[in-house]
Amino acid sequence: MELIPSAEGTQIEKRYAMGRFSQEVAIVMPDQKTVYFGDDGTDRIFFKFIADTAGDLSAGTLYAAKTAMDGETAMTIEWIMLGQGADAEIAAAIRALDAEFAQ
């Protein structure tokens, strides 16, 4: 979910393209395209989302970090692509499945 402040009040937008899981401590980088976030707890995943357009988090590519220790002090990170999508496409697919299962 994205909180969008405005003079009329704060809007809440679902961001399907960013994945569906418990997201915490998201930070949008200065390029306005890259977002890093994760989830507190043991054995959780660190994610990266790269938006297709700066300032618009409604479409982009989601990655998960694969980490490995290189010796005792260095860590390497490999980003594994999980998928690419847009909120509108994903919402339409959800509606189609809802309709299919409602029959």
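The values are calculated or read from the model by the stated rules, or taken from the named source; none is laboratory data. Values in this document were obtained by computation on a predicted structure and should not be read as measured data. Cβ: placed from backbone, ideal geometry, glycine included. Neighbour counts: every protein chain shown.
A few remarks follow.
So that you can scan it fast, the table gives a plain yes or no per residue for (1) of a type in the set (A, V, I, L, M); (2) assigned to a strand (DSSP E or B); (3) in contact with a strand residue (DSSP E or B) (Cβ under 9 Å, 6 or more places away or on another chain):
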{"site": "Phe49", "(1), (2), (3)": "no, yes, yes"}
{"site": "Leu62", "(1), (2), (3)": "yes, yes, yes"}
{"site": "Met75", "(1), (2), (3)": "yes, yes, yes"}
{"site": "Met81", "(1), (2), (3)": "yes, yes, yes"}
{"site": "Gly85", "(1), (2), (3)": "no, yes, yes"}
{"site": "Ile90", "(1), (2), (3)": "yes, no, no"}
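- First in the range 40-69 and without any contact (Cβ under 8 Å) to a residue 40 or more places away in the chain, second anywhere and among the hydroxyl-bearing types (Ser, Thr, Tyr) and assigned to a loop (DSSP other than H, G, I, E, B), Cβ under 9 Å, 6 or more apart: Asp40/Ser22; Gly41/Ser22; Arg44/Ser22
- For the range 46-61, the candidate set comprises residues that are small (Gly, Ala, Ser) and surrounded by 14 or more Cβ atoms within 10 Å (Cβ to Cβ); within that set, the residue that is farthest from Met81 (Cα to Cα) is Ser58.
- Within the range 47-103, restricting attention to residues that are under 22 Å from the mean Cα position of the chain (by Cα) and among the aromatic types (Phe, Trp, Tyr), the residue that is modelled with the lowest pLDDT is Phe47.
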